[in-house]
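Q: Starting off with a structure, shown below.
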Amino acid sequence: MKALFLGNVAAETAKGIRDRLPPGLNVEIIGDPQQLMRSSAAAADADILVTNHWRAEYPSAPRVKLVQSVATGIELIDLAALPPRVTVCNAFGHETAIAEYIMMVMLVWSHRFREIEGGFRTRSSWQPSWVQSGAPHGEILGSTVGIVGLGRVGYEVARRAAAFGCRIIAANRSAREPGKGVEQVFPLSELDNMLPECDHVVLCTALGPETEGLIDARRLALMKPSAFLVNIARGAVVEEGAIYAALRDRTIGGAALDVWWRYPDTAEPERRPSGYPFHELPNVIMTPHCSGWTDGMVARRWAEVAGNINRFVGGEPLQNVVVTT
């Protein structure tokens, strides 16, 4: 039996879990997907694909029965390009890391940490302090946090934010019971009713037909002028031009963006993440899709991937099954 690890993340995963894979499993690692285009035999005899993307133009993989994603989202896997009766599984382990990131950026924003620390470091400015009777900065105690997408990450955010004394409300595509610190769960169709209540809007939803472009100019205008938006979902959940304009014009107070509309490739490894100059706006915290990329997450995700490969080889039920083609 053979497992093909495709892509840079899969290649690193293969190196990390090599000693945990079933004895006798043939492993091939292709870090650059373009190499696969020049080596069709690599996919032809693979029983397992470990990757976070698969495209119609890739060589045929007729024997594949398991696609194990090294990510949670599977939107880059073209299901129609897979042979029939393939089970596609994803991987998690990122919930803690992302929830901590969300709490961090909400605290950084509310406490004006970047502004105050930068001013004190570069200009020895005491102005934000009681020492010079400066304007006090904020705190998140008593603020309303609206979570869009109450799944694994959303519940971890709710639990942590509740411990900070925040009021938690949420919106979700499917019915969810409140609890775990959540006061109310709105149907996604009633998102317009939730947004005006929120001091922080946290996007944790999966990308799909119901959520693509979910946050547009109209919905941004429903938010408080002081609202802080956090997007760790997917860039396409938010309309790119609309959020840029809302931040530029201060329709909302600020945003932390960890997911984007453009990503680097081999031709442009330092590619700007958007066609708009978000980097020129002082009210945006920008990070390169790294909110979940912690050493703890990597260890947990590697364990999930290795476990599923062992289950597959051993004929045991798989975990984190998303779909069977």
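The values are calculated or read from the model by the stated rules, or taken from the named source; none is laboratory data. Just so you know, these numbers come straight off a predicted model, no measurement behind them. FYI the Cβ positions are ideal-geometry reconstructions off the backbone, even for glycines, and counts take in every protein chain you see.
Q: Restricting attention to region 143-168, which residues are touching a strand residue (DSSP E or B) at 6+ places or on another chain (Cβ under 7 Å) and surrounded by fewer than 21 Cβ atoms within 10 Å (Cβ to Cβ)?
A: Residues satisfying the conditions are 143, 144, 162, 167.
Q: Working carefully through the options 101, 58, find the one that is over 25 Å from the mean Cα position of the chain (by Cα), of a type in the set (Phe, Trp, Tyr) and more than 19 Å from residue 320 (Cβ to Cβ).
A: On inspection, the qualifying residue turns out to be 58.
Q: To continue, here is another question. Out of region 179-209, which residues are at pLDDT below 95 and charged (D, E, K, R)?
A: Listed by number, the list holds a single entry, 180.
Q: Would you tally the residues in region 152-177 being among the acidic types (Asp, Glu) and part of a helix (DSSP H, G or I)?
A: Qualifying residue count for the region: 1.
Q: Within region 68-123, count every residue that is closer than 20 Å to residue 143 by Cα, of a type in the set (Gly, Ala, Ser) and in contact with a strand residue (DSSP E or B) (Cβ under 9 Å, 6 or more places away or on another chain).
A: 1
Q: Just one of 281, 257 is crowded, with 17+ Cβ neighbours inside 10 Å, more than 22 Å from residue 12 (Cβ to Cβ) and of a type outside the set (Ser, Thr, Tyr); which is it?
A: Criteria check complete, one pass: 257.
Q: Residue 126 is checked against (1) part of a helix (DSSP H, G or I); (2) surrounded by fewer than 19 Cβ atoms within 10 Å (Cβ to Cβ) and fails just one. What number does that condition carry?
A: It is condition (1) that residue 126 fails.
Yes/no matrix, rows are residues, columns are (1) in contact (Cβ under 8 Å) with a residue 12 or more places away in the chain; (2) over 15 Å from residue 312 (Cβ atoms); (3) surrounded by fewer than 16 Cβ atoms within 10 Å (Cβ to Cβ):
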site: 12; (1), (2), (3): no, yes, no
site: 17; (1), (2), (3): yes, no, no
site: 24; (1), (2), (3): yes, no, yes
site: 38; (1), (2), (3): no, yes, yes
site: 43; (1), (2), (3): yes, yes, no
site: 52; (1), (2), (3): yes, yes, no
site: 58; (1), (2), (3): yes, yes, no
site: 86; (1), (2), (3): yes, no, no
site: 94; (1), (2), (3): yes, yes, no
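Q: Does residue 303 satisfy being not in a loop (DSSP other than H, G, I, E, B) and not assigned by TED's automatic domain parsing to the domain that holds residue 112?
A: Here the answer is yes, as residue 303 does meet what is asked.
Q: Sticking with this structure for a sec: Just to verify a result, which residue in region 178-209, among those that are under 18 Å from the mean Cα position of the chain (by Cα) and within 14 Å of residue 151 (Cβ to Cβ), is surrounded by the fewest Cβ atoms within 10 Å (Cβ to Cβ)?
A: Applying the filter and picking the extreme gives 208.
Q: In region 221-244, what count of residues is obtained for those that are of a type in the set (A, V, I, L, M), in contact with a helix residue (DSSP H, G or I) (Cβ under 9 Å, 6 or more places away or on another chain) and free of Cβ contacts under 8 Å to residues at least 40 places away in the same chain?
A: Of the residues in that region, 8 qualify.
Q: Continuing with the same structure: Would you please name the residue that is surrounded by the fewest Cβ atoms within 10 Å (Cβ to Cβ), looking only at residues in region 60-76 that are closer than 20 Å to residue 306 by Cβ and not small (Gly, Ala, Ser)?
A: Checking each candidate, the answer is 65.
Q: Considering region 216-238 alone, what residues qualify as being in a loop (DSSP other than H, G, I, E, B) and either crowded, with 22+ Cβ neighbours inside 10 Å or not hydroxyl-bearing (Ser, Thr, Tyr) (or both)?
A: If the condition is that a residue be in a loop (DSSP other than H, G, I, E, B) and either crowded, with 22+ Cβ neighbours inside 10 Å or not hydroxyl-bearing (Ser, Thr, Tyr) (or both), then 216, 223, 224, 225, 227, 232, 233, 234 are the ones that fit.
Q: Quick check on region 263-276. Is at least one of its residues under 14 Å from the mean Cα position of the chain (by Cα), in a loop (DSSP other than H, G, I, E, B) and touching a residue at least 24 places away in the same chain (Cβ under 8 Å)?
A: For region 263-276, residues under 14 Å from the mean Cα position of the chain (by Cα), in a loop (DSSP other than H, G, I, E, B) and touching a residue at least 24 places away in the same chain (Cβ under 8 Å): present.
Q: Would you confirm whether any residue within region 62-84 is in contact with a helix residue (DSSP H, G or I) (Cβ under 7 Å, 6 or more places away or on another chain), within 26 Å of residue 316 (Cα to Cα), among the hydroxyl-bearing types (Ser, Thr, Tyr) and not assigned by TED's automatic domain parsing to the domain that holds residue 144?
A: Taking every residue of region 62-84 in turn, none turns out to be in contact with a helix residue (DSSP H, G or I) (Cβ under 7 Å, 6 or more places away or on another chain), within 26 Å of residue 316 (Cα to Cα), among the hydroxyl-bearing types (Ser, Thr, Tyr) and not assigned by TED's automatic domain parsing to the domain that holds residue 144.
Q: Also, I was wondering about something else. Which one of these is under 22 Å from residue 152 (Cα atoms), of a type in the set (A, V, I, L, M, F, W, C) and without any contact (Cβ under 8 Å) to a residue 40 or more places away in the chain: 281, 318, 257, 247?
A: 257
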